[in-house]
1. Could you tell me which residue out of Ser169, Ala110, Ser86 lies farthest along the dipole of the chain toward its positive end? Charges go on the beta carbon: Lys and Arg +1, Asp and Glu -1, centred on the Cα centre.
2. Does the chain classify as rounded, prolate or oblate by the C-alpha gyration tensor (a ≥ b ≥ c root eigenvalues; a/c under 1.5 gives rounded; else a/b over b/c gives prolate, otherwise oblate)?
3. Calculated from DSSP H runs of 4 or more alone, at -39500 (n - 2.57) each and per residue, what is the 222 nm mean residue ellipticity of the chain, nearest 500?
4. Let's see if you can work this out: charge +1 on each Lys and Arg Cβ, -1 on each Asp and Glu Cβ, no other charges. What is the dipole magnitude of region 15-232 about its Cα centre, in debye to the nearest 20?
5. Magnitude of the Cβ-charge dipole of region 5-137, K/R +1 and D/E -1, about the Cα centre, nearest 20 debye?
6. Does region 1-135 classify as rounded, prolate or oblate by the C-alpha gyration tensor (a ≥ b ≥ c root eigenvalues; a/c under 1.5 gives rounded; else a/b over b/c gives prolate, otherwise oblate)?
7. Among 100-111, 17-28, how do they line up by average Cβ neighbours within 10 Å per residue, starting with the highest?
8. Based on the mean of other beta carbon atoms within 10 Å per residue, what is the order of 60-67, 133-140, most packed first?
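Derivation of every value follows stated rules applied to the coordinates shown; laboratory data play no part. Here the structure is a predicted model, which is why all the values come from computation and not from measurement. Note that each Cβ is placed from the backbone with ideal geometry, even for glycine, and that neighbours are counted across all protein chains shown.
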Amino acid sequence: MGTLGCIVIRLEFRDDVYLGITGVIVALAAYFALYIAPAEVTMGELVRIFYFHLPPAIVCYLSLLVSVATGLVYLRKKDYKYDALSESGALLGLVFGLVTLISGAIWANATWGVYWNWDPRETTTLILWFAYVGYFLLRMSIENPERRASSAAVFNILAFITVPLSYMSFILWPSLHPQLGDESGGLGLTSTMVQALVMNIIGGVFVFGYVLKKTYDLRMKQAEYSSIIMEEM
């Protein structure tokens, strides 16, 4: 019992250290983006929205990649922990996707004068978001745990098609969405601005790692609690 207690304390300490490191990185990244990075030549101070728009979009894609990958592993191994990780990744994909949509709408209003104009990048990202809303609606509609996990994993494969569709939308269709490195209407980022962007992306990935673990742990505890209830019944 003493050994188990030491292990738990050690794991909690690691979580606290990770959270502390994450907090420092996020704080430094935000400070760098808001106060150190210069204004962009064309957009001026509005470019600062970009530092809080692109990182959530990248983390959204990363979350959904983790979700579909672990869903595929579940289909092969039928181990609930992979379904729990897949569901956790999808949930974070929804959260970061919503942040991306909201920050993108703020950006659009500041640059185009409207919050939404059905630009291909906006539209495909919205489709992505609703696809994963459908993922959770499917999960809620199935009571049997095994069938729910298998059905969700298959649906996840289909829903994930929206991720490359969203990413490649500016290539597939004419888009007003600014692109990095595109001098004809894109963003002209200096080295300091790129550093601020990279710092915020790293901060976003650290936040993703921490919240993913906590969400996964919660899902596993819920499953353990449900199994205990079923045994008592």
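1. Ser86
2. Details: a/c = 2.97, a/b = 1.50, b/c = 1.98.
Verdict is oblate for the chain.
3. On the way: 8 runs with 176 residues, N = 233.
Helix-only estimate at 222 nm: -26500 deg cm²/dmol.
4. Computed charge dipole of region 15-232: roughly 340 debye.
5. Numbers: 8 positive and 10 negative charges, 83 e Å.
The calculated dipole for region 5-137 is roughly 400 debye.
6. Working: a/c = 3.90, a/b = 1.42, b/c = 2.75.
Note, shape of region 1-135 comes out oblate.
7. Numbers: 100-111: 18.1, 17-28: 14.0.
Packing order, densest peptide first, comes out as 100-111, 17-28.
8. Numbers: 60-67: 23.0, 133-140: 14.9.
Peptide ranking by packing, descending: 60-67, 133-140.
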